[in-house]
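Asker: I'd like to ask some things about the structure below.
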Amino acid sequence: MKILVINAGSSSLKYQLINMETEAVVAKGTCERIGIAGGKLTHKANGKEFVIDKELPNHTEAISLVLKELVDKEAGVISSMDEIDAVGHRVVASGEAFTKTTLVTDEVMEIMDEIAELAPLHNPAAILGINACRAVMPDKKMALVFDTSFHATMPDYAHLYAIDYDDYKQYKVRKYGAHGTSHKYVTGAAAEYLKKDVKDLKIITCHLGNGSSISAVDGGKCIDTSMGFTPHAGVPMGTRSGDIDYAAAEFLCRKKGMTMEEGLTYLNKKCGMLGISGVSSDFRDLTSASEQGDYRATLALNMFSYACKKYVGSYMAALGGLDCIVFTAGVGENTACVRRDVLSNMEAFGIHLDEEKNLQKNDGTIHDISAPDSRVKILVIPTNEELVIARETAALV
Ligand code: ADP
């Protein structure tokens, strides 16, 4: 069985064709500048990279070009479209409308339109991608895999905000979380690596990238996560503030003469690591600036690690114990000093990092970086969100 995984953005479309027998990526690529002059497809298959410069006025043209490449004589990996058994689409937000992977139907797409406002930067783009695929492959089974599904198991007392309950009921304003496919992947991979049944494990998964979220997972089920109604919440991120007193945000808006919308853009794009350091949102730049003695870059890194540490501590309390901590995504997989600082001084809780193992370079495999006497296992696991989307799609169809 072969599954085509699609991750559509407003002007880009990423894809992977995955062979489910081996779980190997057969081909993958990205369409860039959709709807903007200078469209381009970069397609990787058969050990080669193929770059096609072609105007891509809309997502339908983009997906048509992708399918053409997949069956192409030189760049192709399948002889006909019939070899694609189903398509799995990544969708950022499901609201309360969908709590699990769902087959695409006309009714489902109507609901998707209704909930698009929950993730205005992401869901409308996903809808464009799904509609384009439906236009080009009308008979193909398609599944929607939601980033929020993994967090649907959070109990009410964890996912609700303390607002008027009737407003929650009417507007569905509550925590939904994010990066769910990544948290799900590393949860399963950790259990497999530790040769334990996931039902017997209490795990804290730290997806630390440009956007970051931390989840508490009990017996394979998410019981809490750091992101909220939107990805603005939780630890500070590349350019996002993360958790902030809402009255401080309103005060800043007044002082800087920003509308609420401008204030949100400010908190989303100009704050976080970039705002504090004044150097960069990129952790590679931050660590090198910090090594050269830059005070604000060091401060940004310290704020990030401290915020992560507090989530780890609070989730240990929420879980009532801990067996394993997982680091994943760009920063979690590659930035040793962040892992060191997040877990420093936690020996009293059974968490003991092996400083030398922690310095091992990311080679795309799982690393156990816990010291031999650490009661809690500390793992670095490269994430694989596309594989979760493919697995979920295959299971559904
Ligand atoms: P997102 O998917 O949220 O855009 P990523 O998970 O790709 O983000 O993480 C990007 C972050 O990971 C950047 O801040 C980057 O500096 C950091 N990072 C650190 N080391 C590496 C590395 N060797 N390769 C890629 N990203 C790295």
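Throughout, read-outs are computed from the coordinates displayed, never taken from laboratory work. Predicted model only: the values in this text are computed from it and were never measured. For neighbour counting, all protein chains shown are included, and Cβ atoms are generated from backbone atoms with ideal geometry for every residue, glycine included.
Asker: Amide H of Lys40 versus every other amide H placed in the peptide plane: which residues, excluding those fewer than 5 positions away on the same chain, fall under 5 Å?
Answerer: Under 5 Å from the amide H of Lys40: Glu32, Lys54.
Asker: Label point 7 Å out from Glu262 along Cα-to-Cβ: which residues of the stretch 219-256 have amide N under 19 Å?
Answerer: Counting only backbone N, you get 241, 247-256.
Asker: Order of 324-333, 80-89 by packing, highest average Cβ count within 10 Å first?
Answerer: Going by the mean number of other Cβ atoms within 10 Å, highest first, we get 324-333, 80-89.
Asker: Would you calculate a helix-derived [θ] at 222 nm for the chain, using -39,500 (n - 2.57) for each DSSP H run of n ≥ 4 and dividing by the full residue count, to the nearest 500?
Answerer: After summing the helix terms and dividing by residue count, I get -11500 deg cm²/dmol.
Asker: By how many degrees, 0 to 90 and rounded to 10, does the Cα axis of helix 123-136 deviate from the longest principal axis of the chain?
Answerer: 20 degrees
Asker: Moving on. For the chain, what is the relative contact order in percent, using Cα pairs closer than 8 Å and at least 6 residues apart in sequence?
Answerer: Numbers: 828 pairs, mean separation 55.7, N = 397.
Relative CO of the chain lands at 14 percent.
Asker: Within 10 Å, count the other beta carbons around each residue, average over each peptide in 166-172, 304-310, and list them highest first.
Answerer: 304-310, 166-172
Asker: Taking the mean number of other Cβ atoms within 10 Å as a proxy for protection, how do you rank 15-24, 214-223, 373-382 from highest to lowest?
Answerer: 214-223, 373-382, 15-24
Asker: Here's something else I'd like to know. Quick one: if the Förster radius is 22 Å, what FRET efficiency do Lys196 and Met1 give, using the C-beta to C-beta distance and rounding to 0.05?
Answerer: 0.20
Asker: Restricting to DSSP loop positions (anything but H, G, I, E, B) with no more than 16 other Cβ atoms inside 10 Å of their own Cβ, which trypsin sites (Lys or Arg not before Pro) remain in the stretch 46-109?
Answerer: Within the stretch 46-109, the qualifying trypsin sites (Lys or Arg not before Pro) (loop, at most 16 other Cβ atoms within 10 Å) are Lys54, Lys73, Lys100.
Asker: Shifting gears a bit: My understanding is that a pair violates if its Cα-Cα distance is over 20 Å; which of Lys202/Lys309; Lys221/Lys357; Lys255/Lys309; Lys195/Lys309; Lys2/Lys68; Lys199/Lys221 do that in this structure?
Answerer: Lys221/Lys357; Lys255/Lys309; Lys195/Lys309
Asker: Please tell me the relative contact order of the stretch 198-321 in percent, rounded to the nearest whole number, where contacts are Cα pairs under 8 Å and at least six residues apart.
Answerer: Normalised by residue count, the contact order of the stretch 198-321 is 22 percent.
Asker: Quick one: putting +1 on the C-beta of Lys and Arg, -1 on the C-beta of Asp and Glu, what dipole do you get for the stretch 255-397 around its Cα centre, in Debye to the nearest 20?
Answerer: Numbers: 15 positive and 19 negative charges, 109 e Å.
Computed charge dipole of the stretch 255-397: roughly 520 debye.
Asker: So what's the angle, to the nearest 10 degrees on a 0 to 90 scale, between helix 180-194 and the longest Cα principal axis of the chain?
Answerer: That works out to roughly 70 degrees.
Asker: Quick one: angle between helix 295-319 and the longest Cα principal axis of the chain, in degrees between 0 and 90, rounded to 10, please.
Answerer: Its long axis makes an angle of about 90 degrees.
Asker: Right, something else. With charges only on Cβ, +1 for K and R and -1 for D and E, what is the dipole size of the chain about its Cα centre, in debye, rounded to 20?
Answerer: Details: 42 positive and 53 negative charges, 106 e Å.
The calculation lands at about 500 debye.
Asker: I'd like the antiparallel share, as a percent to the nearest 5, of DSSP beta bridges with both residues in the chain.
Answerer: In the chain, DSSP labels about 70 percent of beta bridges as antiparallel.
Asker: With a cut-off of 8 Å between alpha carbons and a minimum separation of six or more residues, what is the relative contact order of the stretch 100-147 in percent?
Answerer: 66 percent
Asker: Would you work out which of Gly272, Leu56, Ala86 lies farthest towards the positive end of the dipole of the chain, given +1 charges on the beta-carbon of Lys and Arg and -1 on that of Asp and Glu, about the Cα centre?
Answerer: Towards the positive end, the residue furthest out is Gly272.
Asker: Quick one: putting +1 on the C-beta of Lys and Arg, -1 on the C-beta of Asp and Glu, what dipole do you get for the stretch 333-375 around its Cα centre, in Debye to the nearest 20?
Answerer: Working: 5 positive and 9 negative charges, 18 e Å.
Here the size comes out at about 80 debye.
Asker: Among Thr102, Tyr165, Ala216, whose Cα lies farthest out toward the positive end of the dipole of the chain, if unit charges sit on the beta carbon of Lys, Arg (+1) and Asp, Glu (-1)?
Answerer: Going by the charge dipole, the pick is Ala216.
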